[in-house]
Amino acid sequence: MFSGISVSPGVALAQAVVLSNEPVSFDRSPVAAEFIEREIDKFKNAIAESVKQLTLIEAQVRKKMGDDKAAIFEAHLMLVEDEELSEAVIEKIKDRCFTAPAAVEDVISEHVSAMEELDDEYLKARAVDMRDLGQRIVLNCLGIAPQSLEIFDREVIIVAGELTPSQTAVLDSSKVMGIITERGSRTSHTAIMAASMEIPAIVGVEGATSAICNGDMIALDAEHNHIIVNPTPSQLEHVESQREQYMLECKQFEGGRDLPAQTRDGVRIKLAANIGSPADSGPALGKGAEGVGLYRVEFLFMETAEQPDEEMQYQAFKSVVEDMKGMPVVIRTLDVGGDKDLPYLDLPKEDNPFLGCRGIRLCFERPRLLLRQLRALLRAGVHGDVRILVPMISSLDEVRRFKEFLAEAQNSLEHEGIAHAKELPLGVMIETPAAVFLAPHLIHETDFFSIGTNDLTQYTLAVDRQNERIADLFEQLSPAVLLGIKHTVDAAREEGKPVCVCGQMAGDVNSALLLVGMGVEELSMSPVHIPRVKNAIRRQDLARLREIAKEVLGLSTATEVKMKLDEYWG
């Protein structure tokens, strides 16, 4: 039995198709001087062919998965047409007599190595995109058509060392029942697209391509993070039962899409969606979201070659607000920093970026960037219920300083006669221990709290959540984290103001029920989790959840907490 990182839920049973990890082989010997121009022409033709292929893929993805997924390939197109990349390749051909494919491979390897050394998981995951692009250009240099996974004549589970975004984009979800890769992360484009297509996927499965052979029967349970190769009859029966149960639950959940997330004793819990782009609005509404609890604007910044201007941001925000038709849209101001090296921000390298200039600290350092975003937010506010969320707060002074910037943005729009909201609700992310301790003071200056449990866990436990050596210490059900959440919730409720949890805990059924019992009245999560969490809430009494939460908060270890939650709901 294997396990890894479950990135797209579901249960699948099908034969394996194992993709080769072997790189394409070619002669890397230097060329004679008289053939240099031929190699340069070969490279330029490969670029032109790659542009054609990527343009076709981008159009297919836009039609099948929406603008945000298509933006992945817009970024690929910008990279393949990047003059600096072309100049670096041509320089190697001219100065070192490289063949065209060897020069491409060398330049791409340098870029990939630099990206893989970054501390940030999201940007490290972009190295996959760069390798994908490099492989495409190399193959086109050699006159070989890049491998396509568009057509299968039977149901299959794909097993690969790494599945590239361009391969994932063309998958036929009626034939590809599941995905298993040896490498990957929750933030990789492959994971994002697999979830969008609702293909069960587990990544980070060490040794998968060597342990699994073509034609092996694979039982993939991404609900419980289990992979069984050639299951026994009894295991097969169990997986079939799990799959039937999962499909039945999905149908039941779909039938309850328009029902409220209300406990049996009549208490309404609001379920909202975490999104990264306007194209996510439709899927969120389709899963029954009651608004957007967290709009991560950094994805807009990460998928463009240059900093988005005010108009681009305004149009993106406006699109989401209009899609939500009066439901609240909580938009978090830009949350990047020293660990996310966006090229056009020219951020200096920091020894400890997670404790460095990130979130609101970076925005204060770049006032024009912040004012541009605040103007876009205020303009979008005339189209619906927009709320502003500020990340990485650790002092009351930061909140007051932010309000000064907000007032400046309002005044500038007023002076220019541009339509804008006169007032927008203001909230802060509770994700540092300082914010937890200051919660009773922060709530006086703000309209709501949003608890980011991922970073709150990281900072409370002093555990870098990207460090594999101490991954077992990153425990969101640690009593220290739970007590911090409870303190924050109590501070907000004391003032009669709402508090939402938008971190990973919100989408896990056991954790979500515990949070409701602790007094949380709003949860925001990836849309795919909304139906299941809603169903679980509708089967519980709030009075009972409060009793369980009180008991759990008295426990002293995460192990005890998990055992107790499994005892109640496991």
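Taking 0.36 nm per residue of separation and subtracting the current Cα-Cα distance, fully stretching the chain between Glu237 and Ala48 would add 62.9 nm.
For region 482-557, the equivalent ellipsoid derived from the alpha-carbon gyration tensor has semi-axes of 19, 15, 12 Å in decreasing order. Taking amide hydrogens as placed 1.01 Å from N in the peptide plane, the amide H of Ile269 sits under 5 Å from those of Ala261, Gln262, Thr263, each at least 5 positions away in sequence or on another chain. Charged neighbours of Gly503, selected by a Cβ distance under 9 Å, balance to -2 (K, R count +1; D, E count -1). Computed extension gain for Asp566 through Leu56, at 0.36 nm per residue and net of the alpha carbon distance, reaches 178.8 nm.
The Kirkwood hydrodynamic radius of the chain, based on inverse pair distances between different Cα atoms, is 25.3 Å.
Considering all C-alpha pairs of region 152-271, those separated by over 17 Å amount to 63%.
Among Ser412, Ser50, the order by Cβ neighbours within 10 angstrom, fewest to most, reads Ser412, Ser50. Pairs of Cα atoms nearer than 8 Å and 6+ residues apart set the relative contact order; for region 262-569 it is 19 percent. Counting only whole DSSP H helices of the chain, the ones at least 18 Å long by C-alpha along their axis and with mean Kyte-Doolittle hydropathy no lower than -0.5 are 36-65, 67-80, 100-116, 121-141, 367-380, 479-494.
Decide, for region 366-483, between rounded, prolate and oblate: order the square roots of the alpha carbon gyration tensor eigenvalues as a ≥ b ≥ c, take rounded if a/c falls under 1.5, and otherwise choose prolate if a/b is larger than b/c, else oblate. Because a/c hits 1.5 or more and a/b exceeds b/c, region 366-483 counts as prolate. Structural descriptor for the chain: relative contact order 14 percent, calculated from alpha carbon pairs under 8 angstrom and at least 6 residues apart.
Counting charges near Pro440 (Lys, Arg +1; Asp, Glu -1) among other residues having Cβ under 12 Å from its Cβ returns a value of -2.
Each 10 Å bin, from zero up to the one with the longest distance, holds this percent of the alpha carbon pairs of region 419-469: 24, 39, 23, 11, 3, 0. Treating each Cα of region 262-569 as one equal point scatterer and applying the Debye formula with no solvent, the log10 of I(q)/I(0) at q = 0.09, 0.13 Å⁻¹ comes out as -0.44, -0.94.
Kindly identify region 217-318 as rounded, prolate or oblate by the Cα gyration tensor criterion: order the square roots of the eigenvalues as a ≥ b ≥ c, call it rounded if a/c is under 1.5, otherwise compare a/b with b/c, prolate if a/b is larger, else oblate. Because a/c hits 1.5 or more and a/b fails to exceed b/c, region 217-318 counts as oblate. About its Cα centre, the dipole of the chain is roughly 1620 debye, where the only charges are +1 on Lys and Arg Cβ and -1 on Asp and Glu Cβ. Amide H contacts for Cys500 (H built 1.01 Å from N in the peptide plane; partners 5 or more residues away or on another chain; cut-off under 5 Å): Phe449, Ser450, Ile451. At an R0 of 56 angstrom, the distance between the Cβ atoms of Asn214 and Glu310 translates into a FRET efficiency of 0.60.
Between Ser8 and Ala201, the built amide H atoms are under 5 Å apart, and every one of these is 5 or more places off in sequence or on another chain. Calculated mean residue ellipticity at 222 nm for the chain: -15500 deg cm²/dmol, from DSSP H runs with n ≥ 4 weighted as -39500 (n - 2.57), summed, divided by the residue count and rounded to 500.
Net charge in the neighbourhood of Ile548 (other residues with Cβ under 11 Å of its Cβ; Lys, Arg +1, Asp, Glu -1) is 0.
In this structure, Asn352 and Arg154 have a Cβ-Cβ separation that, at R0 = 35 Å, corresponds to a calculated FRET efficiency of about 0.10. Computed from backbone phi with θ = phi - 60° and the Karplus coefficients 6.51, -1.76 and 1.60, the 3J(HN,Hα) list for region 155-161 is 6, 9, 10, 7, 10, 8, x Hz; x is used for glycine and proline.
So if we plug the beta-carbon distance of Asp258 and Arg539 into 1/(1 + (r/R0)^6) with R0 = 22 Å, what FRET efficiency do we get, rounded to 0.05?
On the way: r = 17 Å, r/R0 = 0.79.
FRET efficiency, Asp258 to Arg539: 0.80.
Every number in this text was worked out from the coordinates using simple rules, so none of it is lab data. For clarity, every value in this text was computed on a predicted model and none was experimentally measured. Cβ coordinates were reconstructed from backbone atoms using ideal geometry, including for glycine residues, and neighbour counts include every protein chain displayed.
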